[in-house]
1. Over all distinct alpha-carbon pairs, what is the Kirkwood Rh of the stretch A:279-439 in angstrom?
2. Could you list the square roots of 5 times each eigenvalue of the Cα gyration tensor of the stretch A:387-446, that is, the equivalent ellipsoid semi-axes, sorted largest first and rounded to whole Å?
3. Going through the stretch B:530-596, which trypsin sites (Lys or Arg not before Pro) have at most 13 other Cβ atoms within 10 Å and a DSSP loop state?
4. What's the exposure ranking of B:281, A:643, B:389, going from fewest to most Cβ atoms within 10 Å?
5. Tell me the net charge near residue A:43. Cut-off is 12 Å between Cβ atoms, residue A:43 excluded, with +1 for each Lys or Arg and -1 for each Asp or Glu.
6. When chain A is turned about an axis onto chain B, which of its residues keeps its C-beta closest to that axis, and how many Å is it?
7. Give a quick list of chymotrypsin sites (Phe, Trp or Tyr not before Pro) in the stretch B:57-144 that DSSP marks as loop, anything other than H, G, I, E or B, with at most 12 other Cβ atoms within 10 Å.
8. Label position 7 Å from Cα toward Cβ: report the copy-to-copy distances for residue A:546 in nm, one decimal, ordered from shortest.
2 protein chains.
Amino acid sequence: MVGASEKPGKVGTVVLENIVRCGYAGKVFPVNPSHEKIMGLACYPSVSALPQTPDLAVIIVPASAVQAVVEECGERGVKAVAIISAGFKESGREGYRREAELKRVARSYGMRVLGPNCLGLADTSTPLNATFATRAPQPGKVAFMSQSGALCTAVLGWSEENHLGFSRFISLGNKMDLDESDMLEDLENDGNTAVIAAYLEGISDGGRFLEIASRVSRSKPVVIFKAGVTQAGAKAVSSHTGTLAGSENAYAAAFRRCGVLRAGTVEELFALARGFTSQPCPRGARVAVVTNAGGPGIIASDALERSGLSLAGLEEETARRLREGLPEAASVYNPVDVLGDAGEDRYRLAVESVLADPGVDALLVILTPQAMTRPAETAEAVARCARGCEKTVLAVFMGGEEVQEAERILREAGIPNYRFPEGAVETLRRMREYSEYLSRRSEAVVHFEVDRGKAMEVFESVRRQGRNELIEVEAREVLAAYGLPVARTALATNLEECIRAAREMGYPVVVKIASPQILHKTDVGGVVVGINNTDDLVSAYERVTNNARKFFPRADIWGVLVQEMLPPSHELILGMSRDAQFGPLLMVGLGGIYVEVLKDVSFRLAPVSEREAGEMLRELKSYWLLRGARGEVAADIEAAEECILRVSQLVTDFEDLAELDINPLRVLENGKGCLAADARIVLKE
Amino acid sequence: MVGASEKPGKVGTVVLENIVRCGYAGKVFPVNPSHEKIMGLACYPSVSALPQTPDLAVIIVPASAVQAVVEECGERGVKAVAIISAGFKESGREGYRREAELKRVARSYGMRVLGPNCLGLADTSTPLNATFATRAPQPGKVAFMSQSGALCTAVLGWSEENHLGFSRFISLGNKMDLDESDMLEDLENDGNTAVIAAYLEGISDGGRFLEIASRVSRSKPVVIFKAGVTQAGAKAVSSHTGTLAGSENAYAAAFRRCGVLRAGTVEELFALARGFTSQPCPRGARVAVVTNAGGPGIIASDALERSGLSLAGLEEETARRLREGLPEAASVYNPVDVLGDAGEDRYRLAVESVLADPGVDALLVILTPQAMTRPAETAEAVARCARGCEKTVLAVFMGGEEVQEAERILREAGIPNYRFPEGAVETLRRMREYSEYLSRRSEAVVHFEVDRGKAMEVFESVRRQGRNELIEVEAREVLAAYGLPVARTALATNLEECIRAAREMGYPVVVKIASPQILHKTDVGGVVVGINNTDDLVSAYERVTNNARKFFPRADIWGVLVQEMLPPSHELILGMSRDAQFGPLLMVGLGGIYVEVLKDVSFRLAPVSEREAGEMLRELKSYWLLRGARGEVAADIEAAEECILRVSQLVTDFEDLAELDINPLRVLENGKGCLAADARIVLKE
């Protein structure tokens, strides 16, 4: 404890007090040159003067003195340091510089550092409480880490009131060295931790996070509340995909990819943590409700329907048991209403019968305190029925003081109680989401035979010419190399070539200007569609070349592209924008207004699996159009999925590829495939 | 108190105890033939034996005995009765019959009845607690009524813990006589009630509710949690509008119409009630945040952006005051960060400065308990600054026990505290919604000169023919009578008439089969569009008549409709479906897939104001298409609005009109108006 103190209220005092009070069993060495003893412990003038090398150094000296202390720790062989002191990256340019220097020093000693600028850390099983919070975390199974120290203190107070216990409690501070991924990695095998909850404002290393979180989330649930969601991305982008992507969609795709559950509020974060630590996840979506009142039963049913879970249909045998054991006025169908005057016996019968029903995956037990209600006895009965049961049981014992004792009984039996039905249903929905994630096998990514060398060649040639944007012909070559069907196209450098090309591919055709400087061809009148004969072709040729010269007098005009005119079809936009944190983010949407006005798009991180490619399409609100709604022709969805997979492979193979738009990707009638009609590819600057 | 008892645990005992204990100042007469005294009060054998006529009779006798008691009350001249007893409509056929009979008897005496099957009622200012709840409502400014008695008891317990007080607490029970509208009417002028909160499963009389709630919500906020939202409507409907409408949309439109705020959960109901009872509503959307920690500041900013409120831009003068008074590291821009070591002085300075800023409408004060934080003193400072201020001030003092004292101080100063920023922001958003509602003047409905008599004639002729569905020609006549522009159309009963009609209106034309039995013409090949000459017309005529005979061999074929072919345009669907509760529900959406696949529609109750007609269109996600997004032609939105208003007038004038669909309503280029291309009108059976 470097910077230990005994002056009341000082951070150095509070931390030392917390370490001593929490019952830490190891040796504690306060370091402070102006004391000989602090709180009855021998105090040392410096780290080098310590009688042995500590496992952990906690540093709380002024920012300007931190580096010297870290160096001393390094010399002494200390491998782990928690720097509570503030005055680093968070406090302007000087602090920024100071932190960079500190990082270099710590690295040079192979030292791992928590913070700086943090509240410290606690571990309730060691036990060790090296925080300067005035309240200690209670023991429990939730590991919590937070990028905001202030939120830590707020959560400690709140969790005490709400009887939530922690295995670890970690304030990440500036994440100079140790970050969320390190913590996840460490918590994966911590036997005291059943669920990992985090408040994050950003992620330090996207690639590493994806890898570690994917692994960890398979052994225990990871729930993250990510703040700063609405901040606009700073990067300027030119593609459609890039404009729509934004860091928010990248985070959503990343969390989904690695099975991280996202909480929308801090309260939801802990409501989920409470569910996960105490109950098994539901194996299915069929929920039974047992209640002693109609109103809350209706509220629960509404919430279930909204959440995508379903009210279980009870088997005839269950209904029979209920009919025999409950009064005539009771409802023996789901929600099971045991009536307002129900004592614990009726609850026991109902809960037992319903849990025995093979068509039930989870149970909500609702109780409102009425005249004959015995909340505590009922809680005991429910706890007994739920013991050892593999189905999820959540309680909604409503009211205040009159259900407190019941709530305690339920808590001790591992049944979380919610004050209103909606909270319980929301928790159930997310637990189901997690169990669905777990039930998916890890998915191999399909690998197509492609001509990677050809694509590489095109990129290199573009680079050699000092460009980073491909023209359409080049983009097509790349797509073709990756097996993406492209519309038949020829580059014609003069009118004769143009006429010959059209004749060879057969009318009708489309012509488009071909120039490395003209990327948005339609905007300058550089495209003419529906050309049916040579006369029209000649005038179209003149029109697009004239327009190009008029609007871009200095452009290199390579000629025109002649392209086969495609049959009517659905149009998709399929694109990729490379997120700075998480890499290639694929986007798909129905072309035109669906993407641009309705923003009906879906995102996944590449590489995607077959399931994900299908999911991307099915997630679209306009998906039904592809399926042939409203008398439209059903599109070749399978072919569209293959295109997504091939693009996924392309953008994964070339990290150099910054943005890609296939717009439109024509999806023909079912069985007839797809054709990329236009494409843009931009390499990194 | 008919059915008073002294046997512990009996409902008759609990109610009497509650009346006596609550300090009711009037006389209490227990009625029970088998006692002479109960709880020290003289007990009477019957209502007729009472020494004077009571103001209120509370009845808790078995269901079968209730009617006799009510009759006795009627004879005695009792005008108000609360029937707690169950065993009526809620309990099957016999109970249903019993309630109908009881209703007749009560009516015959001009008596008003609460219940039956309820928890009773309480009024904390009289005071009177005539409920059988074991907990009494604490005094406060929220009037609460509930259709679920069990929810009442749950709310009582919960509200005690959450320090929420009530002016009235009313269990509505079966609403045999007194319902939500009666209560609203009564609470309108109750000086002790600042906000009315309700849990409802249904509304007894939609028209009356609309009238009363509209009036009451102008003098105090009405917040309703309506359960049973996902129940499918039972009525079979045939129109597009009817299919999409459903009772859920009708409720939403009704609540919006009368300024009722809808709560999504019980917790939200009371979070809103808490905001309304203690703080003025914000006059604008600009919110300032003062915080001692970055993380919660970010959470608040995210929530504000999502909610449609905005972070206020502070004036230079405010920033100057903050810069002068706060440490250098503090942020003087919104969110104002007074830093982790802020005491009450910094909060005072920040809160004062920000509240004085004319660009600020509301303030969130966030506090997390850190080392130097003084929650109670800070609460006092905030309370002092907020006193008499016309801006909305909400607190987010986070944590548990360490902020309890502060929370009490804030509560007493009328500043509600939320444990996390999201709750405060959501409350603020809804308070703003209410203040916007209040700021709108009451809107006159435009009245167009129309030929009502002509429409009436058509309806009568249809009725005379024993039909209730109009054929297209008839529907057009009705629309035309109401000034709705209809595409030029002629009914041709043979091929010659058909050819003449086409020649007169000029090619291209459309032909459609005309038969009272064939309403979905496209489905049976009864429509041909884009007919350019007589040859095509002849074959089209044959095709549609043959198809009609093939699919509807017994249909009356009146001939074909010849219609001018309209220029390319946007297509709206404009319809009405008559809700059983709330009357004519208008719907508008963009035609085709926007309505049917994307369900992009908006609803309002007719009659609508000009503002509402505009709002209906602007609410559509596809609205931007009408505005001319993606290079499409801008539509004549003003003309479309006028169509909505004219349809609104039509469906308001004729209560007999059950369903109406104009599909499509062609909206031409800006300045060129609209044309109804096809219409269906169905009268009530």
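1. On the way: mean 1/r = 0.0659 Å⁻¹.
Answer for the stretch A:279-439: a Kirkwood hydrodynamic radius of 15.2 Å.
2. On the way: eigenvalues 208, 35, 8 Å².
One finds semi-axes of 32, 13, 7 Å for the stretch A:387-446.
3. Values: sites: B:543, B:549, B:550, B:554, B:578; in loops: B:554.
For trypsin sites (Lys or Arg not before Pro) across the stretch B:530-596 that sit outside H, G, I, E and B with at most 13 neighbouring Cβ atoms in 10 Å, the list reads B:554.
4. Working: B:281 21, A:643 26, B:389 15.
Going from least to most buried by this count: B:389, B:281, A:643.
5. Every neighbour counted, the sum reads -1.
6. Rotation axis A onto B, closest Cβ, rounded to whole Å: A:598, 4.
7. On the way: sites: B:88, B:96, B:109, B:132, B:144; in loops: B:88, B:109, B:132.
Filter output for the stretch B:57-144: empty list.
8. So the distances to the same position in the other copies read 4.8 nm.
Quick note: the coordinates plus some simple rules give every number you see, no bench work behind them. Not measured: the values here are computed from a predicted model. In this analysis, Cβ positions are derived from the backbone assuming ideal geometry, glycine residues included, and neighbour counts consider all displayed protein chains.
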